[in-house]
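The values are calculated or read from the model by the stated rules, or taken from the named source; none is laboratory data. Please read these numbers as outputs of a predicted model, since none were measured by experiment. Every residue, glycine among them, receives a Cβ derived from its backbone with ideal geometry; neighbour counts consider all protein chains shown.
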Amino acid sequence: MSTVEDVSATPRQTTARSGKPALSEGKRAERRLGWLLCAPAAIVMVAVTAYPIVYSVWLSLQRYDLRFPQDTEFVGLANYAAVLSDSYWWTAFATTMVITVISVAVELVLGMLLALIMHRTLVGRGLVRTVSLIPYGIVTVVAAFSWYYAWTPDTGYLANTLAGNSAPLTQYIPSLAIIILAEVWKTTPFMALLLMAGLALVPDDLLKAAAMDGANAWQRFIKVMVPVMKPAILVALLFRTLDAFRIFDNIYVLTSGQNNTSSVSMQTYNNLIKGLNLGIGSTMSVLIFITVAIIAFIFIKLFGTAAPGSDQGGKR
Amino acid sequence: MGNGTGRGRPPGRMAAVVGAGMLTAGLVTACGSDQGITLNLYYAPEDTFQKVVDNCNAQAAGRYRIVYNKLQRGADDQRLQMARRLAAGDKGLDILGLDVTWVPEFAEAGWAEEWTGANKAQAEAGVLPGPLATATWNDKLYAATKNTNVQLLWYDDRITPQAPATWDQMVGESEQLKAAGKPHNILFTGAQYEGLVVIYNTLVASAGGHILSEDGKSVVMDQGAVQALEILKRVTSSGITDPSLTNQKEDDVRQAFQRGNGAFELNWPFVYASYADEQPKDLAHFKWSTYPSVQPGVPAKTTIGGYDLAVSTTSQHKPEAFEAALCLRNRDNQKFSAVKDGVPPSLESLYTDNTPLDPAKPVDADNNPSMATAYPMRDTILAALKDAAVRPLTPAYQSLSTVISKVLSPPSKIDPQKTADELRSKLTDALNSKGVIP
């Protein structure tokens, strides 16, 4: 994901970094040891992440279909042209974007409310926090199945009470809404958890001072809490946006991508795994990878999100 | 595995030695030096199929032992599991249970061994032509048919005393019933998946049309294919289908009919056993017929299903695997599976077989069934099988099916000529592994 150079270095390293050539023998040995100690982790990282990524880029440049092994050939960017000129891909892309934007926006509002409640609760604080975290603890596929049955006519209480005689999961807008609902239900607690950590950053003195100055609750929230919490809010948004963009399981269970509700991940699965078309499928994976990288870049550069591991607090 | 402890403590080392020993012993057994050969069969879950496997093991008299590895329930998952293993060169696969639509794919990918000589002759003997076609690719045999299947038209003779002969009649009757406020829906698998492709393929074949050319290399989509689109459109846009049509798969269709939500049901024969189980009182009124035809006077051609058995190219024991596969689908075992598990046999002679499972005892529907007691509709099934339609034979069938079900969904939005053109271009891409499948 968003790997950002670690600048929170120890003072000693800072000195070394400032470019003075005079490194003592001991320092150099220490450095060598440092590299040696890092090496296994670095090698493992290269083996399990870099190699598959490079390999999928290589596959995306070929016609490579497991069903036609003798027709394998290098086709350059033809797969990219095929995918990027296909209406199915763009429909899925738009659907994914709609789901991402709406669900993250709703989650931010609900998550903030939940965080404030959890932060302020005086009675049964542990219980309140535990209860609100339950949806996040349930396996997504399991939760998705309960939503599926709830919205299926005859078996489902929601379909029977709210949808009358129709089958909401067979129509475009209702099924999209149900997918978003399932996402929101499932991951709002995660959002709330991150935001609650941000709330803990807000000093009580600041709020008291603001109250003394005559700021009402809403002004205290907007003018004091939100600015202090900004890094936490942006990290929460970044995490959820990247997560939401890769949505798969809810859609797989609820609609299997029918009525144009397929997401890019779902479509990649259909081409790569189900269709055994390694060329087109890898092309899609690479495109998702690029999109995710762009989203992360936008968040970090434009909104100044503090990346995990950096303690710059968004002042980059 | 077993030697990963590496702490140097005696118990750990001991465990490692024991573990390694057991592992080696297992490998030796698998190689079958002394103990006989183990053949791994990968096949869909079928309730009584273990009995068939046991029969064949007894018959092999220790020369080999078949192990029945149950695949997942969903057909897509079954295919994926085998394809992944085979693509990785897994030598542990010997006999593969293939859905009838996968044979060209597995053959072309080099995963299924060709059947030749005496094995081929035995695998072909007495098999109905439709099922046999599903085991063939490029004029070569790549599998032995295990069982077949064909959809029928089911109806309730209290609502419609006679089965409609044509689609036009069926739609007309349904509309009349609707006007009279009676159960009127035409129920079929309208969800965006293979089931919708089966219906469409039946309509195309019945209209005398073609989706692909004979060799499976190019897209045809002729007048018959367009006519089939027109019928699908008409049936689904005139209010005579279930509101859940676009979410309904086989079992949903069955349940909807049993709930009294329809006048006609297009479905596989398994619905009869379920009906007998769940609504035995009404069973006498649950009737069947072959599919209604598209062209008056020309019988419908119904799409067949079923399973074939192939021998994996990665198998280390091919001669034994061929022999075992032949045993698993021989006459006795096909009959056993047919009456016990409800999978119609691919051998024609079994449809006129009147002896019960245990010929020494009298026929008894529960304890000693015969083809006649298990398949009261067997003549209808045989009639449908004799003039059956096969789904397009091509290695890219999976992609084709995904594209067809996507383009046809929801069926009420079909615009016949435009949809046909879209299908033609999308299917051509899919055949050339170029296009994106939705």
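Mind telling me which of the residues B:213, B:206 ends up being surrounded by fewer than 22 Cβ atoms within 10 Å (Cβ to Cβ), more than 14 Å from every other protein chain (Cβ to nearest Cβ) and of a type in the set (S, T, N, Q)? Step through it out loud before you land on a result.
Numbers: B:206 fails: surrounded by fewer than 22 Cβ atoms within 10 Å (Cβ to Cβ).
Unique residue meeting the criteria: B:213.
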Query raised in the report: Taking only pairs six or more apart or across chains, which ones have beta-carbon atoms under 6 Å, a first residue in the stretch B:422-438 that is away from every other protein chain (no Cβ under 11 Å), and a second residue that is in a loop (DSSP other than H, G, I, E, B) and modelled with pLDDT of 85 or more?
Result: B:423/B:221; B:424/B:221
Report summary line: By residue number, the members of the stretch B:233-262 that are more than 14 Å from chain A (Cβ to nearest Cβ) and more than 22 Å from residue B:285 (Cα to Cα) are B:233, B:234, B:235, B:237, B:238
Query - Meets criteria (more than 17 Å from residue B:401 (Cβ to Cβ), within 14 Å of chain A (Cβ to nearest Cβ) and free of Cβ contacts under 8 Å to residues at least 60 places away in the same chain) for residue B:83 - result: no
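I'd like the full set of residues that are within 14 Å of another protein chain (Cβ to nearest Cβ) and more than 21 Å from residue A:94 (Cβ to Cβ), limited to the stretch A:221-269. Outline the logic, then answer.
Step one: list which residues in the stretch A:221-269 are within 14 Å of another protein chain (Cβ to nearest Cβ), which gives A:251-269.
Residue satisfying the conditions is A:253 alone.
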Query raised in the report: Which numbered condition trips up residue A:198, out of (1) in a helix (DSSP H, G or I); (2) touching a Phe, Trp or Tyr at 6+ places or on another chain (Cβ under 9 Å)?
Result: (2)
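Residues to consider are A:75, A:106, A:83; find the one that is at pLDDT 95 or above and not basic (Lys, Arg). Give the derivation first.
Numbers: A:75 fails: at pLDDT 95 or above; A:83 fails: at pLDDT 95 or above.
Going through A:75, A:106, A:83 in turn, just one is at pLDDT 95 or above and not basic (Lys, Arg): A:106.
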Requested in this report: Check whether at least one residue in the stretch B:229-249 is touching a Pro at 6+ places or on another chain (Cβ under 7 Å), among the aliphatic types (A, V, I, L, M) and surrounded by 18 or more Cβ atoms within 10 Å (Cβ to Cβ), and report yes or no.
Outcome: yes
Requested in this report: Filter the stretch B:211-225 for residues that are assigned to a loop (DSSP other than H, G, I, E, B) and more than 11 Å from residue B:423 (Cβ to Cβ) and give the result.
Outcome: B:213, B:214, B:215, B:216, B:217, B:218, B:222
Query raised in the report: Which number in (1) touching a Pro at 6+ places or on another chain (Cβ under 9 Å); (2) crowded, with 20+ Cβ neighbours inside 10 Å; (3) within 14 Å of chain B (Cβ to nearest Cβ) marks the one condition that residue A:156 misses?
Result: (1)
Report summary line: Within the stretch B:176-223, the residues that are of a type in the set (Gly, Ala, Ser) and without any contact (Cβ under 8 Å) to a residue 24 or more places away in the chain are B:179, B:180, B:181, B:209, B:213
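Only one of B:320, B:230, B:265 is more than 14 Å from chain A (Cβ to nearest Cβ), part of a helix (DSSP H, G or I) and under 17 Å from residue B:167 (Cβ atoms). Can you tell me which?
Working: B:320 fails: under 17 Å from residue B:167 (Cβ atoms); B:265 fails: part of a helix (DSSP H, G or I).
Every option except B:230 fails the conditions.
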Report summary line: Of those in the stretch B:386-417 that are more than 14 Å from chain A (Cβ to nearest Cβ) and either among the charged types (D, E, K, R) or farther than 14 Å from residue B:221 by Cα (or both), the residue surrounded by the most Cβ atoms within 10 Å (Cβ to Cβ) is B:391
Requested in this report: Report, by residue number, each residue of the stretch A:35-94 that is among the polar types (S, T, N, Q) and not in a helix (DSSP H, G or I).
Outcome: A:60, A:62, A:72, A:85
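Among A:138, A:173, A:134, which is the only one that is within 14 Å of chain B (Cβ to nearest Cβ) and among the hydrophobic types (A, V, I, L, M, F, W, C)? Before you say what the answer is, go through the steps one by one.
Working: A:138 fails: within 14 Å of chain B (Cβ to nearest Cβ); A:134 fails: within 14 Å of chain B (Cβ to nearest Cβ).
Going through A:138, A:173, A:134 in turn, just one is within 14 Å of chain B (Cβ to nearest Cβ) and among the hydrophobic types (A, V, I, L, M, F, W, C): A:173.
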Report task. Identify the single condition in (1) buried (at least 21 other Cβ atoms within 10 Å of the Cβ); (2) within 14 Å of chain A (Cβ to nearest Cβ) that residue B:184 does not satisfy, given that it satisfies every other one. Result -> (2)
**Report entry** Subset of the stretch B:70-96 (residues that are buried (at least 23 other Cβ atoms within 10 Å of the Cβ) and farther than 17 Å from residue B:397 by Cα)
**Finding:** B:93, B:94, B:95, B:96
**Report entry** Residues that are under 14 Å from residue A:278 (Cα atoms), within 14 Å of another protein chain (Cβ to nearest Cβ), touching a residue at least 24 places away in the same chain (Cβ under 8 Å) and not aliphatic (A, V, I, L, M), drawn from the stretch A:52-111
**Finding:** A:60, A:62, A:63, A:64, A:65, A:67, A:79, A:80
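Looking only at the stretch B:359-389, which residues are over 17 Å from residue B:131 (Cβ atoms) and in a loop (DSSP other than H, G, I, E, B)?
B:359, B:360, B:361, B:362, B:363, B:365, B:366, B:367, B:369, B:370, B:376, B:377
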